[in-house]
Amino acid sequence: MTFLRHVTPALALALAACGSQPPGAGGPGGPGGNAAPAVSVLAVREEPLSITAEFPGRTVAYETSDVRPQVDGLIQARLFTEGDFVRAGQPLYRIDPSPYQAQVMSARALAKAQAAIASSEAQARRYGELVKINAISRQDYDNAVTSAGQARADVAAQQAALRTAQINLARTTIRAPISGRIGRSLTTTGGLVSAAQTTALTTIQRIDPVYVDIPQSSADLLKLRRQISDGQLTKDGKAKVKLILEDGSTYALEGDLLFTDVTVDQATGSQVLRAVFPNPRSLLLPGMFVRAKLVQGTVQNAIAVPQQALTRDEHGNAVVMVVGAQNKVEPRQVQTGGTQGDKWIVTSGLRSGDKVIVEGGMMLQPGMPVNPQPWNPNAAAGQAPAQAQGQGQGQGK
């Protein structure tokens, strides 16, 4: 009561003015004197978007050759160092050649057969003249002609035996059938080998270039083909593939997608995609586990929004918050076509130029005024822009 008696007329007028403000108009910022909440927005636009997918895969040698003997015998020497690079035709093992050298020498004894040819052909010519004057019977002439033919056949057989013996002798030196890295030897000097054995002596693998086999669901491939045929995706020449290695690093060289297997694995329901990569430093070894990033196609006029900008309503529909007229919040139901990296691909519900709320929209209601600020993807999640924070602090004082 004492306070009221000492109120000056000017102070009373000021208090009356403050009390005359309408409820809820406590300041320029909105109800209760609070500023409009700051939100981070992204102005979306239509642009071509490359659709990539990441799949597990295994490296496979470009060429593989199991080295086996083609003749029987004892290994006299191993002529390579395990793990080295060998070239096609390089000697790898030497088998004892003595038995095959003897076969060659035996087959070279053609003098007897060639002499028989000369004698039988001369006799056939003489009998040919005699049979014309009936000096000998026709049967004797026919026998002479047959003997000459037999002698020629014997010489041909002997020549074939010589050639076979020479081939077997050459095979006593086992040579590399392809160029590549050679593995460990599965036999030693003194080992007995056979042309009929199934165990390889060693294995050579060509790893530059190298294949990468990538299993992919046949259902996903069918969906991809339909999107391409419907015009939703476009293919830009040969697909490029990138590799992520076992240690998480990215392989420096890109590969090309070669083909898709024509058979679906009945056990897994997948098809194998095969890519080829240059491997000049032999960094990729057969059997390595890798992850392959494959460019599947390009969506023309695509709209992509950050994943945190999209939520679901009680019916499971995808919803984004948009800053509309007078900076008021508008919920927008959208349709999505999957994800690409950390973004949703929106197929309908948004137009180029719409301002989508990316951060700060958790407690917003439709129609609520907001203070939109450009979204900074490099800022900490949930951190308001510095400018908006400064405005809020100044207005709240």
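Each reported figure results from applying straightforward, stated rules to the coordinates on display, with no laboratory input. It should be emphasised that the depicted structure is a prediction, and the values quoted were computed from it without experimental measurement. All Cβ positions, even for glycine, are placed from backbone atoms using ideal geometry, and neighbour counts span all protein chains on display.
Across segment 369-374, coupling constants 3J(HN,Hα) worked out from phi with the 6.51/-1.76/1.60 Karplus curve, θ = phi - 60°, read x, 9, 10, x, 10, x Hz, and Gly and Pro carry x. For V60, the residues whose amide H sits under 5 Å from its own are Y211, V212, D213, G287, ignoring neighbours fewer than 5 places away on the same chain, with H placed 1.01 Å from N. Using the Cβ-Cβ distance between A109 and L192 with R0 set to 25 Å, the FRET efficiency works out to roughly 0.25.
In plain terms, if you count all Cα to Cα distances in segment 97-171 and split them into 10 Å steps from zero, the share in each step is 21, 32, 22, 15, 8, 2 percent.
Among L243, L221, L257, L192, the ranking by other beta carbons within 10 Å of each residue's beta carbon, starting with the fewest, stands as L192, L221, L257, L243. Placing a pseudo-label 7 Å from each Cα along the Cα-to-Cβ vector at E54 and I167 gives an inter-label distance of 5.5 nm. With R₀ set to 30 Å, the beta-carbon distance separating Q70 from R152 gives a calculated FRET efficiency near 0.45. In plain terms, the chain from R225 to K328 could stretch by 32.9 nm, reckoned as 0.36 nm per residue minus the Cα-Cα distance. Taking 14 Å as the cut-off, the amide N atoms of segment 270-299 that come nearer than this to a point 7 Å along the Cα-to-beta-carbon line of T347 belong to 299. Taking amide H atoms as placed 1.01 Å from N in the peptide plane, the amide H of G191 lies under 5 Å from those of I75, each 5 or more residues away in sequence or on another chain. Amide H contacts under 5 Å for S179: A88, restricted to partners 5 or more places along the chain or on a different chain, H placed in the peptide plane at 1.01 Å from N. Sequence-ordered 3J(HN,Hα) estimates for segment 135-142 from the Karplus curve with 6.51, -1.76 and 1.60 and θ = phi - 60° stand at 7, 10, 6, 5, 5, 5, 5, 4 Hz, glycine and proline given as x.
Taking every C-alpha pair closer than 8 Å and separated by at least 6 residues, the mean separation divided by the residue count of segment 97-171 gives a relative contact order of 52 percent. Computed from Cα atoms alone, the Kirkwood hydrodynamic radius reported for segment 273-347 is 16.2 Å. Peptide packing: for 368-376, 355-363, the average count of neighbouring Cβ atoms within 10 Å per residue gives the ranking 355-363, 368-376, highest mean first.
Residue by residue, segment 314-323 carries 3J(HN,Hα) couplings of 5, 9, x, 7, 6, 9, 10, 9, 10, 7 Hz when phi is fed to the Karplus relation 6.51 cos²θ - 1.76 cosθ + 1.60 (θ = phi - 60°); x denotes Gly or Pro. Put a dot 7 Å past the Cα of T250, heading toward its Cβ, do the same for N317, and the two dots end up 3.9 nm apart. Which pairs break 28 Å Cα to Cα here: K223/K355; K240/K343; K242/K343; K293/K343? As for pairs spanning more than 28 Å Cα to Cα, those are K223/K355. Between T263 and A122, what's the calculated FRET efficiency when r is the beta-carbon distance and R0 is 56 Å? Round to 0.05. The value I calculate is 0.25.
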